[in-house]
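A.B. asks: There's a structure below that I have some questions on.
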Amino acid sequence: MTINEKLLADILRLYHVEKWRCGTIAHQLGIHHGTVERVLCQEGLVRHGKTRATRIDAYLPFILQTLEKYPKLNASRLYTMVRERGYHGGSDYFRHLIAQYRPRPQAEAYLRLVVLPGEQAQCDWGTFSPLQIGRVKHRLMAFVMVLSWSRRIFLRFYLNARMENFLRGHVAAFGSWNALPRVILYDNLKSAVLERQGDAIRFNPTLTAFSSHYRFEIRPVAVARGNEYGVVTNMCCSTTVMTKAAPLRKSNST
């Protein structure tokens, strides 16, 4: 049974505030008592009253060990394994109980990153359908740079993703804005990161020299951290151009 937010709130309120037992909550809300028990187990709560012995109790050590080793094993396969070991309960009830004991990955919290105006930009390549020029098909690439605070975007198309075009895109973006950010974020594209072993990163020396000339900081995005790099990724999939400007550090380089 799917538990919506309203039902979840009702179960927890009746349990905590009214001190109702699981059976009372289930009867009044018109749901199975196992559903109530599952909600309480997921919340890490101890149920009121004595725990009633069930047929599955003798098999719990085996079930928990199996789920710990194979957390993605489905309930029907696990039910077959337990049946072969002497369990005589029904499959529906077994599935219901397994939902309470199946280990769940701990959710990881992500903070929404907030940057100052003119502080940061994000840069990436976007890939489009091949472009036919004469008899030759060229891979159409879009250089995209987006200001993290204002979402102002610079977009320019090239026929390849070579390093010279990557740098041309930077220069064109700086010229279009008549300014440049202090920090530019890059995903793990080869134009920026040649090698990465954990926190040890070897940047492309050409890009390093380029950043030294224009006085901006190269900053790679952490692996599997979409919250750090979501702006430019979304922009690569969009044709909308943002025109809201942000105050940037004026460039003295030519």
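Only the coordinates and a few stated rules stand behind these numbers; no lab work does. If you're wondering where the values come from, they're calculated on a predicted model, not measured in any experiment. Here Cβ is always computed from backbone atoms with ideal geometry, including for glycine, and neighbour counts include all displayed protein chains.
A.B. asks: Compare the peptides 88-96, 120-128 by average per-residue count of other Cβ atoms within 10 angstrom and give them in order, highest first. Before the final figure, lay out each step's value.
C.D. replies: Values: 88-96: 13.8, 120-128: 20.0.
Answer by packing, highest mean first, reads 120-128, 88-96.
A.B. asks: Here's something else I'd like to know. Counting Lys and Arg as +1 and Asp and Glu as -1, what is the net charge of the other residues whose Cβ lies under 9 Å from the Cβ of PRO130?
C.D. replies: Neighbour charge sum, excluding PRO130 itself: +2.
A.B. asks: What distance in nm separates the simple spin-label points at HIS27 and ALA200, each placed 7 Å from Cα in the Cβ direction?
C.D. replies: 6.7
A.B. asks: Please give the FRET efficiency for SER212 paired with ASN178, using the beta carbon to beta carbon distance and R0 = 22 Å, rounded to the nearest 0.05.
C.D. replies: Computed FRET efficiency for SER212 and ASN178 comes out at 0.60.
A.B. asks: Which order do the peptides 59-68, 33-42 take when ranked by the mean count of other beta-carbon atoms within 10 Å per residue, highest first? Please report the intermediate quantities before stating the final value.
C.D. replies: On the way: 59-68: 14.1, 33-42: 18.7.
Packing proxy ranking, top to bottom: 33-42, 59-68.
A.B. asks: Could you give me the ³J(HN,Hα) list for segment 207-222, computed from phi with Karplus coefficients 6.51, -1.76, 1.60 and θ = phi - 60°, whole Hz, x at Gly and Pro?
C.D. replies: With the stated coefficients, segment 207-222 comes to 5, 4, 5, 4, 5, 5, 5, 8, 6, 10, 8, 7, 9, x, 8, 4 Hz.
A.B. asks: Label LYS72 and ALA9 with points 7 Å out from Cα along Cα→Cβ: what is the distance between them in nm?
C.D. replies: So the label points at LYS72 and ALA9 sit 3.5 nm apart.
A.B. asks: What is the gain in length, in nm to one decimal, between ARG85 and LYS137 on full extension, counting 0.36 nm per residue of separation less the C-alpha to C-alpha distance?
C.D. replies: Numbers: separation 52, 0.36 × 52 = 18.72 nm, distance 6.25 nm.
Full-extension gain reported as 12.5 nm.
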